[in-house]
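Enquirer: Quick one: structure below, then a few questions.
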Amino acid sequence: MTLFDSVLALLIAILAWRSVTAPDLYRGIVLFITLGLMLALSWARLDAPDLALAEAAIGAGLLGILLLSTWRVLQRAAPRQGSDEPASYAVRWLAVVGSTVFGGTVAVALYGLQVGSDRAGAEALASLDLAGIDQPVTAVLLNFRSYDTLLEMGVLLMALIGALLIRSPLAYEPWHGDTAVESPLMSVLAKVFTPIVVLVGIFLVWAGAYGPGGAFQGGAVLAGAGVLLLLCRRLYGDADATLLLRGLLVLGVTAFIVIGLLLMPWQGAFLAYPPGLVYVLLVVIEFSLAVSIALSLLLLFTGTHAVRAVRS
Amino acid sequence: MTDWISSMFIIAGVGFFLAGTVGLLRFPDVFTRLHALTKADNTGLGLLGVGVALQGQSFRLAVLIALIWFLAVTASSIACHLVARHNLHSEEGER
Amino acid sequence: MSSIPDPFGLAAAALLAVGFYGFVTHRHPLRRLLAINIFGNGVFMTLILVARWMPGGPDPIPHAMVLTGIVIAVSATAFGLALVRRSMTQEDGDRREPDDD
């Protein structure tokens, strides 16, 4: 199937180029979303189904809708602002030469690379039965390198806190001119699709233990369900946060730290788990992480401190 | 035998995708383009799904493919409806 | 020892080059964020390629690193978008006071 791969690789290169050089910014964003989906396809071809799911859900889906909603906020507030003109001819030609040399160097380095067999992953694969989980990527994320995942959750929370601190008064709210919102089909979308999407999200978190999936993919799909409800006006962003919501936001980090600290006297190290309990503990941590991730991503989209259900 | 039938379905599906793409590129306005896109892609995806399900030869796989097809059809028809509606309203607004 | 016989190597190089080009030539902050993300995707593609062609099957550690990278990239981009909204909606004087908090 190298023909398929070659066509896909070419398509990725063309989409990236068009997305960067599209004269219209909106078109550039739509092409970027398409690029994300093609990348997901190519990563599935490269034996990385976890990453394909993550890219489709987070990279193409949520990032795409964040970009589009920011684009619209800017359109409404300041349509002429921010010089969107490309640089002068001289600068562009210089940049073309520079990036061609750069890309060529990377390609030469990549194709000349000799991949050796002494690798860290071999150790992870060899001690997989100690991890209590059959899926190597989840095992690495939650057990062998759990510091990374803990700090990664911290980065996500920091981004959310930062975004809330500087939030603009023009954060996303469904527009009165939106003909979409009045359509009777939107309630079908909310009623039929949301339960299915939530189910898929929970399944992805659960499946992370033995197959492609995990807290990040599942959490992103759950956040997608929330975005769907926001667009159908079943949820709205609210300025006042409740204690419960704040608690759910830090649930993932808290579960990680509390379990790690509680087991320290017995295990002798932070974030070390006893072999018998490891599966249960990792499932608990994974679901807490998924809840926090879903809520953080949703609040990054609304730009508000809380979301509430619309009472009708 | 199954291989033959499944290939027929897949080729027919690809044909629908091709026609839909040509329609998308060649038709003059939003409504006819949407027509080409949704009709051709829904049928094309269905035919592809039948072909792949025959290749898979497992009942579970066939049910999953049918579910994916159902979701894609519903989502794409709602999206098509919204695009058409938005376009109609903005055209009326201009007059 | 083995090398990487895969067309996606060229795609990775193209993503890196195009991301770099976009970042250098554009002023608009949204376009720059797009370009940075395309560059990041080039890095992810490189890591995935190296993991794929490791002797003895795909290596889970680069995969875990890329998964972490995707989430970090989205977090940073979302924060960047919030900054863009704030700075570009308020440049020409406050047109609306933040009255809801």
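No lab work stands behind these numbers, since they all come straight from the coordinates. For clarity, every value in this text was computed on a predicted model and none was experimentally measured. Counting neighbours? That spans all protein chains shown, and the Cβs are built from the backbone with ideal geometry, glycine included.
Enquirer: Can you work out the Karplus-derived ³J(HN,Hα) for every residue in region C:57-64? Use 6.51 cos²θ - 1.76 cosθ + 1.60 with θ = phi - 60°, whole Hz, and x for glycine or proline.
Expert: 3J(HN,Hα) across region C:57-64, in whole Hz: x, x, 8, x, 6, x, 4, 4.
Enquirer: Give the residue from A:218, A:183, A:137 lying farthest towards the positive end of the charge dipole for region A:132-312; charges sit on Cβ (+1 for Lys and Arg, -1 for Asp and Glu) and the dipole is referred to the Cα centre.
Expert: Checked the options; the winner is A:183.
Enquirer: From other protein chains only, count the Cβ atoms within 10 Å of every residue's Cβ in B:34-43, then give the mean. Walk me through the numbers before you get to the answer.
Expert: Details: counts 0, 0, 0, 0, 0, 0, 0, 0, 0, 0.
Per residue, the number of nearby Cβ atoms from other chains is 0 on average.
Enquirer: Using only alpha carbon pairs under 8 Å that are at least six residues apart, calculate the relative contact order of chain A and give it in whole percent.
Expert: Averaging sequence separation for qualifying contacts and normalising by length gives 19 percent for chain A.
Enquirer: Under the Karplus relation 6.51 cos²θ - 1.76 cosθ + 1.60, θ = phi - 60°, what is the ordered set of whole-Hz ³J(HN,Hα) values for region A:3-16, x standing for Gly and Pro?
Expert: Coupling constants for region A:3-16: 5, 4, 4, 5, 4, 5, 4, 5, 4, 4, 4, 5, 4, 4 Hz.
Enquirer: Given 25 °C and 0.890 mPa s, compute D for region A:132-312 with the Stokes-Einstein relation, Rh being the Kirkwood radius over Cα pairs; round to the nearest whole µm²/s.
Expert: 140 µm²/s
Enquirer: Output needed for region B:16-58: three equivalent-ellipsoid semi-axes, defined as square roots of 5 times the C-alpha gyration tensor eigenvalues, in descending order, whole Å.
Expert: 27, 8, 4
Enquirer: Count neighbours as other Cβ atoms within 10 Å of each site's Cβ, and list the chymotrypsin sites (Phe, Trp or Tyr not before Pro) in region A:200-235 that are DSSP loop with at most 16 such neighbours.
Expert: Within region A:200-235, the qualifying chymotrypsin sites (Phe, Trp or Tyr not before Pro) (loop, at most 16 other Cβ atoms within 10 Å) are A:210.
Enquirer: Still on this structure: Which value, in debye to the nearest 20, gives the size of the charge dipole of chain A about its Cα centre, when Lys and Arg are +1 and Asp and Glu are -1 at the Cβ?
Expert: It comes to approximately 840 debye.
Enquirer: Can you give the mean number of other chain Cβ atoms that lie within 10 Å of the Cβ atoms in peptide A:157-165? Working shown, then result.
Expert: Numbers: counts 1, 3, 10, 4, 1, 7, 9, 2, 2.
Taking all residues of A:157-165 together, the mean is 4.
Enquirer: Using the Kirkwood formula over every pair of different C-alpha atoms, what hydrodynamic radius in Å results for region B:2-94? If you can, show how the numbers build up before the last one.
Expert: Numbers: mean 1/r = 0.0696 Å⁻¹.
Taking the inverse mean of 1/r over all distinct Cα pairs, region B:2-94 comes out at 14.4 Å.
Enquirer: Rounded to a whole number of µm²/s, how large is the Stokes-Einstein D of region B:46-95 at 4 °C and 1.567 mPa s, given Rh as the Kirkwood radius over C-alpha pairs?
Expert: Answer from the Stokes-Einstein relation: 100 µm²/s.
Enquirer: Oh, and also: Under 14 Å from the Cβ of residue A:149, count the other residues' Cβ atoms, weight Lys and Arg +1, Asp and Glu -1, and hand me the total.
Expert: That sum, taken over residues with Cβ under 14 Å, equals -3.
Enquirer: Also, quick follow-up: Roughly what percent of Cα-Cα pairs across region A:1-77 reach past 16 Å?
Expert: 53 percent
Enquirer: Given C-alpha coordinates of the protein assembly as shown, what is the ratio Rg to Rh with the Kirkwood estimate of Rh?
Expert: 0.96
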